[in-house]
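The values are calculated or read from the model by the stated rules, or taken from the named source; none is laboratory data. This structure is a prediction, so every number in the text was calculated from the model and none was measured. Note that each Cβ is placed from the backbone with ideal geometry, even for glycine, and that neighbours are counted across all protein chains shown.
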Number of protein chains: 2
Amino acid sequence: MITGKNYIGNQLSAIGNKTYTTFNPELNEENTTVFTKATSDEINEAVALSSEAFKEFRKVSGERKAAFLNAIADEILTLDDLLIQTYCLETGLPEGRAKGERARTIGQLRSFANLVAEGSWVEATIDTAQPNREPMPKSDIRKMLIPLGPVVVFGASNFPLAYSTAGGDTAAALASGCPVIVKSHPMHAGTGELVASAIIKAAEKTGMPNGVFSNLNSSGIDVGQQLVSHPNVKAVGFTGSIKGGRSLLDLAAKREEPIPVFAEMGSINPVVILPKALENRQKEIAKTYASSIALGTGQFCTNPGLLLGVKSDSLSSFIKSLSHEIMKINPSCMLHPNIKKGYINNKEKVISQANISVTANYTSEIKNNYAEQAIVSVTGKDFLENPTLHLEVFGPFSMVVQCENEVELESIISKIEGQLTGTVISDDNEVSEYSEIIAALQNRVGRIIFNGVPTGVEVCESMVHGGPYPASTDSRFSAVGITSIKRWVRPFSYQDWPNNLLPKELQDDNPLSIFRIKDGIRSK
Amino acid sequence: MITGKNYIGNQLSAIGNKTYTTFNPELNEENTTVFTKATSDEINEAVALSSEAFKEFRKVSGERKAAFLNAIADEILTLDDLLIQTYCLETGLPEGRAKGERARTIGQLRSFANLVAEGSWVEATIDTAQPNREPMPKSDIRKMLIPLGPVVVFGASNFPLAYSTAGGDTAAALASGCPVIVKSHPMHAGTGELVASAIIKAAEKTGMPNGVFSNLNSSGIDVGQQLVSHPNVKAVGFTGSIKGGRSLLDLAAKREEPIPVFAEMGSINPVVILPKALENRQKEIAKTYASSIALGTGQFCTNPGLLLGVKSDSLSSFIKSLSHEIMKINPSCMLHPNIKKGYINNKEKVISQANISVTANYTSEIKNNYAEQAIVSVTGKDFLENPTLHLEVFGPFSMVVQCENEVELESIISKIEGQLTGTVISDDNEVSEYSEIIAALQNRVGRIIFNGVPTGVEVCESMVHGGPYPASTDSRFSAVGITSIKRWVRPFSYQDWPNNLLPKELQDDNPLSIFRIKDGIRSK
């Protein structure tokens, strides 16, 4: 049952008078549930509860946090069809995607549960005392990672489950011992409330303190701004546009106590197609890339928005094939009329620039809120000179850049803004001849892919989802994978602390049997 | 031989017309060498060389980087008496301190050399492919840490060697593969140039690219500002005042591409003295703390500037003993007349606040630039209500706060600004009765010390030197110890990349024999 209310800790609350609804883009109509925007008092109450909960939650054992995370996963599964249906009604995304994303969300929660149940993630490091060292005795010093405090997570429009209410940011923060306040995404507030209810149930069942989680409704930017400015909030997670992420980063930087903001933002994910690959496999590559560009109506942050090659007959044929292939794909629904409007505006903006050649642009009749896929092409020189062409067009759109030669290609790669991914399409050994281009690409991205597509972000320990600005606000962290927990923790040292008062992770006899570094040696 | 010039890469350069000298505070006179401030062109040239050097330096093997770092240590030792004498002439610090700090600097360089020679620090993580996985095949993904790019390091006034030219920030950045541009501290520009010459010699001897290191003279703030604003600079290290660190953080946050600034700033390092310890050991504690407060003329970032206890006869006696003990210590020289002036002003500012009781203030005749130690005391209520009393008084000064009761003590601890350290002085089991106070203290500091003094920062892997703002700008990192390398690196993933083109750290057969996590299992 969706109430339209906020969760202030474990209490449903709707004292405000600003309301909004979600939208069904497939049917092109408002959904019926009315959501009440959180008031300033409700926000303050959520933060106060969160600070209070932190005092207890930060000391909760890994085993109990694991039980909490697993219980969230279980409760999400219990929501069953209601969750899947709500997801589809609020996003226009198909049921298969909803189920896939739910599986990913569950998988993330369980992988963090395993991480904290095992316990070695705290990087326990012990340097034992040397009381007789000359000229100065050495103290006993022991270090481990501890949570920062209340974390605010902004739900993402394009991942209602995996990067929203109980998504990667939330799972990582809860695993670390940080309470979470979610600023629910207004486009899927119902999905958000359902997942929030699962988290609250799980918190109650596993005895977590009230305030460990809150979910705040918001249709504007003021709720998020108040949260990020609140002195008791200690970190922020965000997935969305460059404009949105940057404004939060700026807000956090202006605080009396600046706090870390990890924002995963825009990316056009450059793909370099090397000459022999183009010559030998242009049709196959075109087909693969048409699919990747249109996947999920192009609404992935890893969507390949920029394809680069050196001018040749093969490249010209590739552009034709790609344009042909993408026109064969049936248009699909976008998340919301506003997303569709943004897509149209940005596409038109790019197309209206000088010397842009439009090689595909779907024009047949389509349903409301469906997206017309398009491919454009431009010379390397024009691309280099016009930063408007570097902007992300969020949707089923890609630009092919025809470079004069390899030098120009390298120059473009070197000067491009930071990106989540870079891809190289190569015939077997061809890539080894382009080491400077590869080095330049590596310097601009967080992940480099060989003969694949950037869409499809595997959730695993070795994944980096992040990259130089503006792909993310801090390239030193990843938003995906268990190491993303490091965004929400800090190292902490105990000096000469009594053994029985140390946390178990640092006690002499290693009661948790975790991997630790003791006097430089790593062992269990 | 000190030239007074800048090192723009390996070239000495002094094209500017603004000059300055260093100052001998012991003799109260200017030193003779004239230093030429770097010009805007020289700054740009240093950054350009640095960016170019990064292309090569980022690929240099751990073994070769280790040789470079060890060569720096060797060259610093070769400077011998000239370095020690210059250090003393520019700081007023005694020879023993100079030699101790040199040993620390050498130790840091060699520990980073060992770290990168061994190689496991890159956190290599491999998830192998599962081509037959359902519903989607899994790619081969491999991750490791890579350097960010050119790093700007600001020399610290109070650590001319260990936190300046070849200090912790520089050693960590070079170890990671980042070129370094040092903004030399004007108070010890000669010491800085000597150490810079050692780095340049080491770079040449070990075949590092020109531009891997530059050293820029500056007597104002504009050189640092231009460096931090330069688009090719990718991170900043700073040790100094809150005002200085915050202004750099703000500048970096306003860039088109914001960059990480790790600033280690002010701290008053609260010390909680529990009742039984006060009762049983007040004289001993007073003696120990008088020494710690006056150590190095109080010019350590871990100086204990705030002592807290609950009102009692024992606390009153402690204040008397501490005041008595500190007056027995011979005053010593401060680093520079400006530092002395700052000490006088800040001390007067505190003393002039309402309800401050001055229990010690050295008034006998002393030499120019020597510091008059002082102890003041105040009630918990007054301390809580007056934020001016929370400011750091850089020098041999400390404030005793007499709290009404334990509740007030906890309230003060909870509300205090972020600190590098917190200390608890306790009789054996007494501490276990104060778990809430300890928890509150832990939440405000980076390191907690039992029955010791905060001065004396051990350089080891388990050390955290950093803490919640304003102790540092990002509590997620430490400025001391080998893990401080993480400030200058980012994770990077390779997906399905050909084995022979992967860096050695990630190749199938583990040619460097480093610890790696492969499919979740850690091994060599």
query = Could you list, in sequence order, the residues of region B:96-133 that are among the β-branched types (Val, Ile, Thr), within 14 Å of chain A (Cβ to nearest Cβ) and either in contact with a Leu (Cβ under 7 Å, 6 or more places away or on another chain) or assigned to a strand (DSSP E or B) (or both)?
reply = B:VAL122, B:THR125, B:ILE126
Test result for A:ARG516, touching a residue at least 60 places away in the same chain (Cβ under 8 Å), more than 7 Å from every other protein chain (Cβ to nearest Cβ) and more than 19 Å from B:GLY467 (Cβ to Cβ) = yes
query = Yes or no: B:GLU52 in a helix (DSSP H, G or I) and either among the small types (Gly, Ala, Ser) or on the phi < 0 side of the Ramachandran plot (or both)?
reply = yes
ask   = If only one of A:GLY4, A:GLY16 is over 30 Å from A:ASN368 (Cβ atoms), in contact with a strand residue (DSSP E or B) (Cβ under 7 Å, 6 or more places away or on another chain) and assigned to a loop (DSSP other than H, G, I, E, B), which one is it?
value = A:GLY16
query = Quick one: is B:MET136 outside any helix (DSSP H, G or I) and modelled with pLDDT under 95?
reply = yes
task = Among the residues of region B:101-128, count how many are in contact with a Lys or Arg (Cβ under 6 Å, 6 or more places away or on another chain) and hydrophobic (A, V, I, L, M, F, W, C).
result = 3
Matching residues in region B:432-463 - criterion: being in a helix (DSSP H, G or I) and buried (at least 21 other Cβ atoms within 10 Å of the Cβ) = B:ILE437, B:ILE438, B:ALA440, B:LEU441
key: Looking only at region B:289-311, and only at residues there that are assigned to a loop (DSSP other than H, G, I, E, B) and within 24 Å of B:ILE366 (Cα to Cα), the one that is nearest to the chain's Cα centre (by Cα)   = B:PHE300
ask   = Can you name the residue in region B:1-15 that is surrounded by fewer than 18 Cβ atoms within 10 Å (Cβ to Cβ) and not hydroxyl-bearing (Ser, Thr, Tyr) and is also nearest to B:HIS188 (Cα to Cα) among such residues?
value = B:MET1
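Here's the yes/no breakdown for (1) touching a residue at least 60 places away in the same chain (Cβ under 8 Å); (2) at the interface with another protein chain (Cβ under 8 Å from one of its Cβ atoms); (3) over 17 Å from B:ALA173 (Cα atoms); (4) in contact with a strand residue (DSSP E or B) (Cβ under 6 Å, 6 or more places away or on another chain):
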site	(1), (2), (3), (4)
B:PRO491	yes, yes, no, yes
B:TYR494	yes, yes, yes, yes
B:PRO498	no, yes, yes, no
B:GLN507	no, no, yes, no
task = Answer yes if at least one residue in region A:332-340 is buried (at least 19 other Cβ atoms within 10 Å of the Cβ) and under 23 Å from A:SER312 (Cα atoms), and no otherwise.
result = no
ask   = Would you say A:GLY244 is outside the structural domain of A:HIS390 (by TED's automatic domain parsing), under 21 Å from A:SER50 (Cα atoms) and touching a helix residue (DSSP H, G or I) at 6+ places or on another chain (Cβ under 9 Å)?
value = no
request  = Can you tell me which residue among B:VAL261, B:VAL271 is more than 30 Å from B:TYR362 (Cα to Cα), out of contact with any Lys or Arg (no Cβ under 9 Å at 6 or more places or on another chain) and not acidic (Asp, Glu)?
outcome  = B:VAL261
Which listed residue is more than 14 Å from chain A (Cβ to nearest Cβ), buried (at least 18 other Cβ atoms within 10 Å of the Cβ) and not in a helix (DSSP H, G or I), from B:LEU83, B:LEU89, B:LEU93 = B:LEU93
ask   = When you go through B:SER472, B:SER478, B:SER398 one by one, which is the residue that is closer than 30 Å to B:ALA162 by Cβ, more than 14 Å from chain A (Cβ to nearest Cβ) and not acidic (Asp, Glu)?
value = B:SER398
ask   = Restricting to region A:425-463, what's the tally of residues that are of a type in the set (Val, Ile, Thr) and within 9 Å of chain B (Cβ to nearest Cβ)?
value = 5
request  = Confirm whether A:SER484 is within 18 Å of B:GLU123 (Cβ to Cβ), within 9 Å of chain B (Cβ to nearest Cβ) and modelled with pLDDT of 95 or more.
outcome  = no
ask   = Of all the strands (runs of 3 or more DSSP E) wholly in region B:312-431, which have at least 1 residues that are within 25 Å of B:GLY466 (Cβ to Cβ)?
value = B:397-403, B:419-425
query = Any residue at all in region A:127-136 that is among the β-branched types (Val, Ile, Thr) and either surrounded by 15 or more Cβ atoms within 10 Å (Cβ to Cβ) or in contact with a His (Cβ under 9 Å, 6 or more places away or on another chain) (or both)?
reply = no
Check on B:GLY466, buried (at least 23 other Cβ atoms within 10 Å of the Cβ), part of a loop (DSSP other than H, G, I, E, B) and either among the small types (Gly, Ala, Ser) or facing another protein chain (nearest Cβ under 10 Å) (or both) = yes
query = Is one or more of the residues making up region A:150-169 within 14 Å of chain B (Cβ to nearest Cβ) and closer than 20 Å to A:CYS460 by Cα?
reply = no
request  = From the list B:LYS59, B:LYS37, pick out the single residue that is basic (Lys, Arg) and surrounded by fewer than 18 Cβ atoms within 10 Å (Cβ to Cβ).
outcome  = B:LYS59
task = List the number of the failed condition for A:ALA103; all other conditions in (1) over 21 Å from the mean Cα position of the chain (by Cα); (2) at pLDDT 95 or above hold.
result = (1)
query = Quick one: in region A:186-228, which of the residues that are touching a helix residue (DSSP H, G or I) at 6+ places or on another chain (Cβ under 6 Å) and hydroxyl-bearing (Ser, Thr, Tyr) is surrounded by the most Cβ atoms within 10 Å (Cβ to Cβ)?
reply = A:SER214
message = Residues that are buried (at least 17 other Cβ atoms within 10 Å of the Cβ) and assigned to a helix (DSSP H, G or I): does region A:488-497 have at least one?
response = yes
